Amino acid sequence: MDSISQVIHDCETCAAIKQAKRVKPLWYGGRWSKYKYGEAWQIDYITLPQTRQGKRYVLTMAEATTGWLKTYPVPHATARNTILGLEKQVLWKHGTPERIESDNRTHFKNSLINNWAKEHGIE
């Protein structure tokens, strides 16, 4: 197993997301789910031991209703890398979501991200 796979394998957050992979119906537990499939993605960065390719972080992107996890290893946690990861792993493969949720750190909330999200109609 390469080092990125090993870190993801050992990651408690990733394990919790993997447990949520089964699809929940829109009517769940006597109430409507907050989102429909693909409508929202939750994103964050986790750190890695540096790989031979210089990757030190993994952008994690989880679909909000199923917990389906996508990952994108990067050398730096920046707004530019966040946009590249979202485009390559979410938009191009699953379509444009209505919203993206994060912890609002600077690599998620700045003018570059805000303009990109506005251009794509993302909250």
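The values are calculated or read from the model by the stated rules, or taken from the named source; none is laboratory data. Since we're looking at a predicted model, the values are computed, not measured. For neighbour counting, all protein chains shown are included, and Cβ atoms are generated from backbone atoms with ideal geometry for every residue, glycine included.
Just give me the residues in the stretch 33-76 being closer than 22 Å to THR96 by Cα and hydrophobic (A, V, I, L, M, F, W, C), in sequence order.
ALA40, TRP41, ILE43, VAL58, LEU59, MET61, ALA62, ALA64, TRP68, LEU69, VAL74, listed by residue number.
Is it the case that some residue within the stretch 102-121 is within 12 Å of TRP41 (Cβ to Cβ), of a type in the set (Val, Ile, Thr), surrounded by 20 or more Cβ atoms within 10 Å (Cβ to Cβ) and at pLDDT 90 or above?
no
If I go through the stretch 88-115 residue by residue, how many of them are in a helix (DSSP H, G or I) and touching a helix residue (DSSP H, G or I) at 6+ places or on another chain (Cβ under 9 Å)?
4
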